[in-house]
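First up is the structure itself, then whatever we jot down about it.
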Amino acid sequence: MRWQWLVVLMSGVLGLGSPVLGQGIPSPETGSPASGGNLSADGNELRTEGDWLLPLPSSADCLDAVPERGWLAVGLLEAQAVALLDGASGDPLWQVAVGFAPGVVRVDAARQVVYAAGPHAPGVVALDLLTGELLQAYGLPAGVLDMAVDAARGRVFASLPAAQSLAVIPAPNRQRHGSEPPQARNLPLPGPPLALAYAPERGSLFVGLAGEDPLSLLVVNPDNGELLARWRGGNTPEAMVLDAQQQRLVVLNSGSQDLTVLDLDRSGEALQRIGLDWRPTRLALSPDGRWAYVTSRNSDRLQVVDLEAGRLAASLRLEGQPTGLVRLGDRDLWVVAAGIPALRRLVDIEAQVGERETEAQIPSSGNRGVVTGRVLDIAGQPVQTGVLRLAATSTQPQQTVRIAADGTYVLPELPAGLYLVDVEVPGFPPTSTQVEVRAGFVSSQDIRLPPGQPARQPEGIGLLPDEPVYSDELARHLSLALKELQPQRPVILLKGPLGPDPRFEPLLPLVQDLTLLDRDERYTADLAKLKAVGDALGLRYILLTHLQISRDYNRQGSPLLNTALRFLAPTVPVEIPNFTPNQLRSRGVVVVVDLQRDRPGDRARYYEAYGRDDVGGDPLFEDAAAGLFRLQVRNMVPVFIQQWQANNPFAG
């Protein structure tokens, strides 16, 4: 992959001061803006004490700090750029366009390098910390979710979830003089990696794996990729921070909605597991390691955890939905929020823990908890009105909770246990669900409604292929033919060679592990899942396509022909071989489901077509065989159309 990077040093883009245009940045002197001190809001002078907002040219998701200089490196999403800011004065020092949305930014202050990457970036770029100059671009096989820096050896590690691997990236060579630049190398992992943390004194890299495996934390030797150990962590560890002073690892688990604190000196023994109010996103620690600050993309809260006491101390309301955060100095916490083009500085958070209003804080009695979440329709969209009725128990009276306009709900503080909740939303049939209240937790549980009554009579046709190869090709060709055969009906290719239709994508979980027919070719109870898809998308019919292929190579001729030849010419020991030994066969099946008439137990209606090719010569290469199979699939379409014209299954 050839990289072409646009590097631009912007002048005055942030409008808060004069940046340094491609010049070296001197070390901060005592009393200079970059050395800290009191802060003011007037021009380039020092700003006054307290919280303040620093405008940015676009929103950001991740940032990192250079504590020795008081600087902040910020990834600007819409601007597709990386900026270096002076945390004391707010002045931009440089801004560099990188050509992608930098969702991950890490600083190696020892080598004065800023690394930037992202989930949709083709790799990692290394920029000079002082000038913003592009030092090197590293191509990677997939996007990056997190990075960790080994400052002692001058390398950075990147997690590549889509490739299920770890990239080890050497520092750029500033004195190349025609030599080949260093390249990244990939180390395979047993699952998609998420968060990373590096312990330099141990030489070990900690990797959090996606999924619900209880042994979700890997200890890896980054020199050779050796798996040293697997530790018990939480569900979906999305962020990790190493507390080097106390030799512990703080892991943020978005799936189980908690913090896990592991003792490095005791082989990852869990010291604490602390429940959180909201599903977490990012994590930062105070310099002394006592406080953990947690953001949540799904709320406007900054959660402050007291690691010494092992409890959630406060849930502080911020503007927007905070995502990235970093601690700079002993007092300042910098936070960015989703979609808001600004940096927010918070001062002395610990002093505010007992002063600010908190929401959904866990009661002092240890056996109570709170449940919150969203009420979603079948397409995954939040509803805008309705109520939840909490059934009465021996200790709790019946309660009614209204659903907010954004679809969220909060069930009040309840004793731990299981509760039955009746959900009433206009336009949807009444439904009931069970929620679990966990002691000491604010649990998150979304409620998905059954399909409502369609506003109009469904008339569309949807095509859904199964997993075997070329089934999606058959569905694609049939969708084009059906638009001509049934012009009065909308036709949707639910899932084709390029992936699912955007309207169908939220409904994909409904058809996973679908078992539509039993051994007698009768519909099972899973027909209701297709009915839900049809109601959501306005479909009267769903056509399921299936393709079977076989490939053989046989040079033996016809036994009957060779037997007759031996009788006619017994003195000639010759057999006639098969001149077309490549035998390619295919069978296409289409099941037509009438979502209004068909019921579980009814016999399915299906149609068949066949393909055949006999090719001479040596065994075919894969590409040649694939081309013939695709041609067979295309030739099946007129056969199906003829069957449907003779016996119209869409006449209902």
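Residues to consider are Arg266, Arg297, Arg273, Arg282; find the one that is surrounded by 23 or more Cβ atoms within 10 Å (Cβ to Cβ) and either over 19 Å from Val442 (Cβ atoms) or among the basic types (Lys, Arg) (or both).
Of the residues listed, the single one that is surrounded by 23 or more Cβ atoms within 10 Å (Cβ to Cβ) and either over 19 Å from Val442 (Cβ atoms) or among the basic types (Lys, Arg) (or both) is Arg282.
Candidates in region 105-140 are the residues that are part of a loop (DSSP other than H, G, I, E, B) and under 17 Å from the mean Cα position of the chain (by Cα); of these, the one that is nearest to Trp71 (Cα to Cα) is Gly118.
Do we find that Leu249 is in a strand (DSSP E or B) and open to solvent by 10 Å² or more (accessible area, probe 1.4 Å) in this structure? Taking the combined requirement at face value, the residue does not satisfy it. Any residue at all in region 204-217 that's in contact with a strand residue (DSSP E or B) (Cβ under 9 Å, 6 or more places away or on another chain) and closer than 18 Å to Asp108 by Cβ? Yes, some residue in region 204-217 is in contact with a strand residue (DSSP E or B) (Cβ under 9 Å, 6 or more places away or on another chain) and closer than 18 Å to Asp108 by Cβ.
Taking strands (runs of 3 or more DSSP E) that fall entirely within region 398-499, which contain at least 3 residues that are open to solvent by 60 Å² or more (accessible area, probe 1.4 Å), within 29 Å of Thr385 (Cα to Cα) and in contact (Cβ under 8 Å) with a residue 40 or more places away in the chain?
Details: elements: 399-402, 408-415, 417-424, 431-437, 442-444, 460-465, 491-493.
Answer list for region 398-499: none.
If you take the residues in region 332-349 that are of a type in the set (A, V, I, L, M) and part of a strand (DSSP E or B), which one is farthest from Ala60 (Cα to Cα)? Top of the filtered list is Val347.
Could you please let me know if Leu530 is in a strand (DSSP E or B) and either among the hydrophobic types (A, V, I, L, M, F, W, C) or in contact (Cβ under 8 Å) with a residue 12 or more places away in the chain (or both)?
Details: in a strand (DSSP E or B): no; either among the hydrophobic types (A, V, I, L, M, F, W, C) or in contact (Cβ under 8 Å) with a residue 12 or more places away in the chain (or both): yes.
No, not satisfied.
Within region 217-236, the set of residues being within 24 Å of Ile169 (Cα to Cα) and assigned to a loop (DSSP other than H, G, I, E, B) comprises Pro222, Asp223, Asn224, Gly225.
Just checking, does region 348-366 include any residue being at pLDDT 80 or above and open to solvent by less than 30 Å² (accessible area, probe 1.4 Å)? Break it down into steps so the answer makes sense when it comes.
Taking region 348-366 and keeping what is at pLDDT 80 or above, we get 348-349.
Subset that is open to solvent by less than 30 Å² (accessible area, probe 1.4 Å): 349.
Yes: region 348-366 contains one or more residues that are at pLDDT 80 or above and open to solvent by less than 30 Å² (accessible area, probe 1.4 Å).
Here is the figure for region 176-196: residues that are surrounded by 12 or more Cβ atoms within 10 Å (Cβ to Cβ), under 20 Å from the mean Cα position of the chain (by Cα) and part of a strand (DSSP E or B) total 4.
The values are calculated or read from the model by the stated rules, or taken from the named source; none is laboratory data. Note that the structure is predicted; figures quoted are calculated from it, not measured. Note that we place each Cβ from the backbone using ideal geometry, even for glycine, and neighbour counts take in every protein chain shown. Side chains included, ligands, DNA and RNA excluded: accessible areas come from the protein's heavy atoms. Shrake-Rupley method; radii C 1.70, N 1.55, O 1.52, S 1.80 Å.
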